[in-house]
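Student: To start, I am sharing the structure in question, which I have written as structure tokens.
The values are calculated or read from the model by the stated rules, or taken from the named source; none is laboratory data. Note that the coordinates shown come from a computational prediction; the quantities given were computed from them, not determined experimentally. When we count neighbours, we look across all protein chains shown, and the Cβ atoms used for this are built from the backbone with ideal geometry, even at glycine. For accessibility, only protein heavy atoms count, side chains too; no ligands or nucleic acids. Shrake-Rupley method; radii C 1.70, N 1.55, O 1.52, S 1.80 Å.
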Amino acid sequence: MKATLLPPSRPRTAELGPAALGALLLVGTLLLFSRSFRNGFVNYDDPNYVTANPVVQGGLTRAGLAWAFTGAADYWHPLAWLSHMLDCQLYGMSPAGHHLTSVLWHALNAVLAFQLFRALTGRLGASAFAAALFAWHPLRVESVAWVSERKDLMSGCFFLLTLLAYLRYARARVDGRSARGRYLLALGCFAAGLMSKPMLVTLPLLLLVLDRWPLARDPRQCWAEKLPFFALSGAVAWATLRMQRDAGAFVLDLPPGARLENAAVSLARYLGKFLWPVGLSACYRHPGFWPGTAVAGAACLLLALAALAWRQRRRRPWIAAGLAWYLIMLLPVLGLVQAGFQSMADRYTYLSLLGIELAALASLPPPATRAARLARRTAAAAALAACALRTWNQEGVWKNGETLFRHAVAVDARSDVAESFLASALVAEGHPVEARAHAERARQLNPRNDGAMVTLAMLDEGRGRTEEAAALYREALAARPGNPQVECQLGLLELNRGRPEAARALMLPALRSSPSARARTLELSRLALGRGAGGPGLFLFDLVLAAAPAEAEAAAQGDAALLGHAADFQARQGDFGAAIRLYRRATALAPGDARAHAALGYLLIHAGDRRGGAAEWRRALELQPDFPELRARLGALGDD
């Protein structure tokens, strides 16, 4: 069966070619999103991903590489971690560099989307417009201007590469040519996409849709070749559910009916935001059950679209293909398995709305006259200009955490989540009075908002009201049992009150279960050590060492004193091989540290390497001759 494409538009000498259009898309996207270079980090996930994550801040190291692939997180996305590590290696903690990387990924995706639309429809100018609409739409701002959403951009890039490689493979198969290399390329790009963000788990279903249109392949011949794709999806989906459960992401306990309602309403709302992008927010409040009128309206719209696709399945099969694309790519985030607090999110449209654009693009006939062509181009230019202006303004919302959540509160004054995040941002900015007002407003809207309780507890703790703070922390734990962040906060309070054992009992289980809590604790340890508070700093470092030795060791890279402390800890645990490795690193960083050389000598001799141990002891004596006990031990070895 021959693949079916739409008739390509007739070439005209005055029109720009594919290379020029691709270059315009690339440059236009870079310029449009350049406003985000002036933005900072925000207090929504950025601490976990970058600003309070010492492993990521350490750059591309061997320990960091191992952590990216094996460390616990909310879900498995090692390539995204590596991207953030590379940014830290290149730019340090300058937010402009991190934003630049995100914009470059998005600009590349704009060009790839153009190539994909051309491959699917055969139309040049219309494909360039659709790619520009994808890249410049205000719904893209959350994915691009939010550093933590780098995973969206990376997975989007590999998604587009997967589809382009698969189309080349399938068309070669239709023509009877060998295409093993193209198949492996598509599978490899898909694997890389899953390692960037597991939202691509439904992509194999989309490949089956494309087999139907535009490829017109026999479905019975297509299932076997999809098995490796489905196997990768199944493994990543299983791992994601387990990791999100362990990370405590399932914070809303909703009955199936409420989840189905939200899925239907979200599908309709995304289409509305695409056509009229106003009221965009980082916090779309989940109402639990939607009003009956909203559910009925969404159901009617979805049924009408399904009826349209069915009626046009033969004359215009691209309508069904585009709508199926839209649904398939949203399936993991419709809330059927509710993760997080939101009812929907702008970032979830990054790949899904490409299907709607495809259906609309393919349904437009080529203009028959010069006047019609001019009118269409004018309308397209006006639409893109309106999108670009709205996008430029929306980028300013993401300047910092305070601007982001002030805007979210302005969009929805009844969002307790937005109020709580704003309170947290105001604490960080040094505005405790206003922070308290917003935290109390969040509790008024939702008495079980544990984030607001924690903010209020921190404010009380800062004023020395430790009993009130401890009561609020415990109330937050009652609202959300097992919350590792709150357990750590309460543990820190107990530590400051001189109760280290109570702090250890609270913090150690929390640190074992939460990578973000470990990252914050390591940051607090580093700050304490930096201001000379060695006792609390080393206590916190020891807790992370006990919970996740590899992460603590990765965070200690570059600090000889911390590496030596970690080595001592490992020696007390009986892991002398790890202790020797750490002390070797410490002596390489600080070759003039006599204590480190002496300790390494003890460990080497204990491991049976008398010659190596004696050499380290001699080096320690060279650095510190007044070391009588060490000189005596060296003499006992017969090597004075």
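Student: Working only within segment 377-412, note down all residues that are of a type in the set (Gly, Ala, Ser), open to solvent by 20 Å² or more (accessible area, probe 1.4 Å) and either in contact with a Phe, Trp or Tyr (Cβ under 7 Å, 6 or more places away or on another chain) or more than 17 Å from Gly279 (Cα to Cα) (or both).
Tutor: Scanning segment 377-412 gives Ala379, Ala380, Ala381, Ala382, Ala383, Ala385, Ala388.
Student: In the list Arg448, Arg474, which residue meets the criterion of being surrounded by fewer than 20 Cβ atoms within 10 Å (Cβ to Cβ) and not in a helix (DSSP H, G or I)?
Tutor: Values: Arg474 fails: not in a helix (DSSP H, G or I).
Selected residue: Arg448, the only one of Arg448, Arg474 that is surrounded by fewer than 20 Cβ atoms within 10 Å (Cβ to Cβ) and not in a helix (DSSP H, G or I).
Student: Take Val236 and tell me if it is part of a helix (DSSP H, G or I), over 28 Å from Ala192 (Cα atoms), of a type in the set (A, V, I, L, M) and open to solvent by less than 40 Å² (accessible area, probe 1.4 Å). First the steps, then the outcome.
Tutor: Working: part of a helix (DSSP H, G or I): yes; over 28 Å from Ala192 (Cα atoms): no; of a type in the set (A, V, I, L, M): yes; open to solvent by less than 40 Å² (accessible area, probe 1.4 Å): yes.
Considered against the rule, which asks whether it is part of a helix (DSSP H, G or I), over 28 Å from Ala192 (Cα atoms), of a type in the set (A, V, I, L, M) and open to solvent by less than 40 Å² (accessible area, probe 1.4 Å), Val236 comes out as no.
Student: Within segment 62-106, track down each residue that is farther than 23 Å from Asn400 by Cα, open to solvent by less than 40 Å² (accessible area, probe 1.4 Å), of a type outside the set (A, V, I, L, M) and outside any loop (DSSP other than H, G, I, E, B).
Tutor: Gly64, Trp67, Pro78
Student: Please specify each residue of segment 134-148 satisfying the condition of being crowded, with 24+ Cβ neighbours inside 10 Å and either under 10 Å from the mean Cα position of the chain (by Cα) or among the charged types (D, E, K, R) (or both).
Tutor: Selection gives Arg140, Ser143, Trp146, Val147.
Student: Looking for whichever is closer than 17 Å to Glu142 by Cβ and of a type outside the set (D, E, K, R) here; the options are His99, His84. Which one fits? Reasoning before the result, please.
Tutor: Working: His84 fails: closer than 17 Å to Glu142 by Cβ.
Selected residue: His99, the only one of His99, His84 that is closer than 17 Å to Glu142 by Cβ and of a type outside the set (D, E, K, R).
Student: Identify, by number, the condition in (1) of a type in the set (Val, Ile, Thr); (2) touching a Gly at 6+ places or on another chain (Cβ under 7 Å); (3) under 20 Å from Pro198 (Cα atoms) that Val55 doesn't meet.
Tutor: The number of the failed condition is (3).
Student: Of these, Pro365, Pro332, which one is at pLDDT below 95 and outside any helix (DSSP H, G or I)?
Tutor: Pro365
Student: With Ala550, Ala517, Ala578 as the choices, which residue is buried (at least 17 other Cβ atoms within 10 Å of the Cβ), out of contact with any Leu (no Cβ under 8 Å at 6 or more places or on another chain) and either without any contact (Cβ under 8 Å) to a residue 40 or more places away in the chain or closer than 19 Å to Trp67 by Cα (or both)?
Tutor: Going through Ala550, Ala517, Ala578 in turn, the sole match is Ala578.
Student: Return yes or no: is Arg480 open to solvent by 50 Å² or more (accessible area, probe 1.4 Å), over 17 Å from Asn43 (Cβ atoms) and either at pLDDT below 95 or within 27 Å of the chain's Cα centre (by Cα) (or both)? Before you say what the answer is, go through the steps one by one.
Tutor: Values: open to solvent by 50 Å² or more (accessible area, probe 1.4 Å): yes; over 17 Å from Asn43 (Cβ atoms): yes; either at pLDDT below 95 or within 27 Å of the chain's Cα centre (by Cα) (or both): yes.
Yes, satisfied.
Student: Checking the conditions here, which among Leu167, Leu187, Leu124 is closer than 30 Å to Phe230 by Cβ, open to solvent by 10 Å² or more (accessible area, probe 1.4 Å) and touching a helix residue (DSSP H, G or I) at 6+ places or on another chain (Cβ under 7 Å)?
Tutor: It is Leu187.
Student: Whether any residue in segment 118-140 is without any contact (Cβ under 8 Å) to a residue 40 or more places away in the chain and of a type in the set (Gly, Ala, Ser) is what I want to check.
Tutor: No, the conditions are met nowhere in segment 118-140.
Student: Search segment 458-471 for residues being hydrophobic (A, V, I, L, M, F, W, C) and under 17 Å from Glu434 (Cβ atoms), and hand back the single one that is surrounded by the fewest Cβ atoms within 10 Å (Cβ to Cβ).
Tutor: Leu459
Student: Quickly run through segment 14-53 and pick out the residues that are modelled with pLDDT of 95 or more and assigned to a loop (DSSP other than H, G, I, E, B).
Tutor: Once the filter is applied, which keeps residues that are modelled with pLDDT of 95 or more and assigned to a loop (DSSP other than H, G, I, E, B), segment 14-53 yields Asn39, Gly40, Phe41, Val42.
Student: Just the residues that are charged (D, E, K, R) and touching a Ser or Thr at 6+ places or on another chain (Cβ under 7 Å), please, taken from segment 383-425. I'd like the intermediate steps shown before the answer.
Tutor: From segment 383-425, those charged (D, E, K, R) are 390, 395, 399, 402, 406, 412, 414, 416, 419; that's our starting set.
Listed by number, the residues that qualify are Glu395, Asp412.
Student: Can you tell me which condition Ala588 does not meet? The list is (1) part of a helix (DSSP H, G or I); (2) over 30 Å from Ala66 (Cα atoms); (3) out of contact with any Gly (no Cβ under 7 Å at 6 or more places or on another chain); (4) not basic (Lys, Arg), and all the others hold.
Tutor: It fails just one condition, (2).
Student: Any idea which of (1) closer than 22 Å to Glu523 by Cα; (2) open to solvent by 40 Å² or more (accessible area, probe 1.4 Å); (3) free of Cβ contacts under 8 Å to residues at least 40 places away in the same chain is the one Gln557 doesn't satisfy?
Tutor: (3)
Student: For Asp593, indicate whether it is at pLDDT below 85 and either small (Gly, Ala, Ser) or open to solvent by 70 Å² or more (accessible area, probe 1.4 Å) (or both).
Tutor: No, not satisfied.
Student: Ok, one more. Ser415: surrounded by 18 or more Cβ atoms within 10 Å (Cβ to Cβ) and over 30 Å from Asp542 (Cβ atoms), yes or no?
Tutor: Spelling it out, Ser415 is indeed surrounded by 18 or more Cβ atoms within 10 Å (Cβ to Cβ) and over 30 Å from Asp542 (Cβ atoms).
Student: Same structure, new question: Step by step: first the residues of segment 265-310, then only those that are under 29 Å from Ser143 (Cα atoms) and β-branched (Val, Ile, Thr), then the one that is surrounded by the most Cβ atoms within 10 Å (Cβ to Cβ). Which residue is that?
Tutor: Within segment 265-310, the match that is surrounded by the most Cβ atoms within 10 Å (Cβ to Cβ) is Val265.
Student: Right, Ile605: at pLDDT 80 or above, β-branched (Val, Ile, Thr) and over 25 Å from Ala546 (Cβ atoms) or not?
Tutor: yes
Student: Check Leu361 against each of (1) under 18 Å from the mean Cα position of the chain (by Cα); (2) farther than 20 Å from Phe289 by Cβ and name the one condition it does not meet.
Tutor: (1)
Student: Could I ask something else about it? Give segment 169-198 a look and list any residue that's in a helix (DSSP H, G or I) and free of Cβ contacts under 8 Å to residues at least 40 places away in the same chain, or say none. Working first, answer last.
Tutor: Here is the first cut: in segment 169-198, the ones in a helix (DSSP H, G or I) are 169-174, 180-194, 198.
Passing the criteria: Tyr169, Ala172, Arg180, Gly181, Arg182, Leu184, Leu185, Ala186, Gly188, Cys189, Gly193.
Student: State yes or no: is Arg526 open to solvent by 60 Å² or more (accessible area, probe 1.4 Å) and either aromatic (Phe, Trp, Tyr) or over 22 Å from Ala588 (Cβ atoms) (or both)? Steps first, please.
Tutor: Working: open to solvent by 60 Å² or more (accessible area, probe 1.4 Å): yes; either aromatic (Phe, Trp, Tyr) or over 22 Å from Ala588 (Cβ atoms) (or both): no.
Against the criterion (open to solvent by 60 Å² or more (accessible area, probe 1.4 Å) and either aromatic (Phe, Trp, Tyr) or over 22 Å from Ala588 (Cβ atoms) (or both)), Arg526 does not qualify.
Student: Now for a different question. Restricting to segment 310-325, name every residue that is hydrophobic (A, V, I, L, M, F, W, C) and under 34 Å from the mean Cα position of the chain (by Cα).
Tutor: Passing the criteria: Trp318, Ile319, Ala320, Ala321, Leu323, Ala324, Trp325.
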